[in-house]
Ligand SMILES: Nc1ncnc2c1ncn2[C@@H]1O[C@H](COP(=O)(O)OP(=O)(O)O)[C@@H](O)[C@H]1O
Ligand SMILES: [Mg+2]
């Protein structure tokens, strides 16, 4: 099966600055892919190339196997790009704005009004239809921008930091909107430098740093990637040294790493081995207060992948 | 009703948007009121002064009324409308809405068209506010209706030209400083146009003692009008090119306009010859046409070649279609072929008997016609290499933006450079004063001599020499850019190296900055 979006060896420089270097990844239909990287990592640059607004120095971007670099006009009807900031037209209402882009997308007559109504309902803008664009709050603007992006019913959505500037509640709503779109079978590439925003929504992530691909894959496979061993978090009241000594004696412990008030332990072994480790530690009278699996979240993955260079 | 809705659907989306915005916007209301007020004041002033005048001066009043109205219309058409067009296009860039337009499904042609049409609508509206005043002028002062119609038509045509220039400028320069510079330039052009045009029309239309053949007037008007429209087509194509994706055939319309211009120019020369039967018209007309067409072709001549091959491969159906469309595919090579074709078309009037090729080889070398022919052919010999040589360099795929621009500038710059060079040579080699000027090395002199029907067999040789000199001058030009060319080549080679080569760890890369 050809991927919906395939980015192949993409490179782009601005003068001496390599904004994107040899980047490759894929997004399939019905999947949400997070595009993560610190500010200046090259996310916007990549997304602009993917939506034909910019040209790469090298590499190609394929939409279902066809190059959008060579056939940019084919891509316009199939890709919806939501930039990080919406451009405001003076003296234009929300409905007129949507009407304009619907006309541009060659929607005619009743079909156009139906489409405008449906995207306004989807993004809950119906009550604001006669508001002037200039008077919208950030959250409303973002919703309007999404509505515009959805007008021509694109198969692939490219969203550049759509949730930035939204309050937590709006953020949750936004996530739900995105999920609903993916469930309709659209492919979604969504960028952010805030990870918690993506961790629950995304099927896969592409982590970018200084224009280079750091890691790429499905969220599930990435977390096992991070360490071949299970991670345990252990905290005791007896102080670090005692715990560390006890851990050093225990079989199955591969590596320990001190955390804020406990130890992160990489452990190799079965469930019985873990149970035995717990019995052993208890027998040492270490006054354990915490002993649990550690679930790796996206934030942590990101930190470990990027060598702390994201500051 | 249904028809109307259907028609509304087919309207250019940008036009619909612009009109909606305009109706609400302040600029529009303000300028509309200004316009009405100005027309009203002019009309009132004239009406009140009319009482004091004697019957004999009615015609004079007509002239004054015409002048007043033309100033009002010119102010609106040549200042307000182009300014609004420029503002509207530039604001798309400033307000971050331009990208959304480019991927909205609108073709670049539609975007330019929409903006241009909106300017046209504004102009029509201004004209319609003037209509009542013109009717008053007709009934009270005997203002000729045909004259007023011409006034209106020409104002609209000039206003559309300026609006197109304004839109083109807004598309070409992102930089704010450049924008304001361009706007100032535009304002100057506007003022110049107003002065020239209202003065010119006055003389032509209100001086009964200068006898003007009405047929001549019509021919002149039609010539100006069609020429203006050809220029519209060309400028429109150029404006579209500036916002077209770099991988698409952006200069197609410019090519069509160039070809049409050559056909129109040829027809015009033949028409003039029929009207006036003067072989000089053929010579001068042909040389002017060569110069004009060379200028018009610069963008297509110097376009990068890499795109053409792919575009050609995309045309899969029909051998003939592929063959026929070849000239209109992107790239300097096809541009050069099209240019040569136009030059051939433009040379057709030289075949007119009396200006015939036979005259050149016959014994009547001192006849007017053969000298004219010499001049035309020598002009051709100069123009073609001056145009083709830089385009050869510019159309290479490896040529960067800067070099391409330099090459574009080289073509029109070559002739003045040549004139300068000959002057310098004259000084250096101490050619004595007369020879300095009356030398076959002086292009101005050679042109003058040929046109002045001086018997001179060496003209062609002189021009051939000049062409060689032009090539040399261009070599000097390019030598300055050789290092840049080399660097470009190096960049290309290093870019072609396997991309999977390990990227060096983040050495002193500039601190990444956030754009948002
Ligand atoms: N038009 C441009 N001109 C010069 N440098 C640019 C341009 N666009 C982006 N950059 C640079 O490229 C790098 C990547 O930018 P960007 O893709 O916007 O990062 P992100 O969206 O991940 O924050 C940044 O260092 C930025 O300064
Ligand atoms: Mg960004």
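The values are calculated or read from the model by the stated rules, or taken from the named source; none is laboratory data. The shown structure was predicted, so the numbers you read here are calculated from the model rather than taken from an experiment. Neighbour counts are summed over all protein chains in view; Cβ atoms, including those assigned to glycine, are modelled from backbone coordinates with ideal geometry.
Points to keep in mind about this one:
- Among the criteria (1) more than 8 Å from chain B (Cβ to nearest Cβ); (2) within 12 Å of ligand 1 (Cβ to nearest atom); (3) more than 13 Å from the chain's Cα centre (by Cα), the one residue A:36 does not fulfil is (3).
- Count of segment B:350-375 residues which are crowded, with 24+ Cβ neighbours inside 10 Å and at pLDDT 80 or above: 0
- Residue list for segment A:145-184, filter: touching a strand residue (DSSP E or B) at 6+ places or on another chain (Cβ under 9 Å) and without any contact (Cβ under 8 Å) to a residue 40 or more places away in the chain: A:153, A:163, A:181
- The single condition from (1) in a loop (DSSP other than H, G, I, E, B); (2) within 16 Å of ligand 2 (Cβ to nearest atom) that residue A:88 fails is (2).
- For residue A:24: the one exception among (1) away from ligand 1 (no atom under 16 Å from the Cβ); (2) in a helix (DSSP H, G or I): (2)
- The sole residue among A:77, A:141, A:67 that is free of Cβ contacts under 8 Å to residues at least 12 places away in the same chain and more than 16 Å from ligand 1 (Cβ to nearest atom) is A:67.
- Qualifying residue in segment A:2-18 (condition: within 16 Å of ligand 1 (Cβ to nearest atom), assigned to a loop (DSSP other than H, G, I, E, B) and either at pLDDT 90 or above or within 11 Å of another protein chain (Cβ to nearest Cβ) (or both)): yes
- For segment A:147-182, a tally of residues being part of a helix (DSSP H, G or I), over 11 Å from residue A:78 (Cα atoms) and within 14 Å of chain B (Cβ to nearest Cβ) returns 2.
- Search result, residues across segment A:57-74 that are within 11 Å of chain B (Cβ to nearest Cβ) and either assigned to a loop (DSSP other than H, G, I, E, B) or buried (at least 19 other Cβ atoms within 10 Å of the Cβ) (or both): A:57, A:59, A:68, A:69, A:70, A:71, A:72
- Qualifying residue in segment A:93-106 (condition: closer than 25 Å to residue B:95 by Cα, assigned to a strand (DSSP E or B) and either facing another protein chain (nearest Cβ under 7 Å) or within 18 Å of the chain's Cα centre (by Cα) (or both)): no
- Scanning segment A:1-17 for residues that are over 13 Å from residue A:49 (Cα atoms) and touching a strand residue (DSSP E or B) at 6+ places or on another chain (Cβ under 7 Å) yields A:3, A:4.
- Test result for residue B:268, at pLDDT 85 or above and within 25 Å of residue B:108 (Cα to Cα): no
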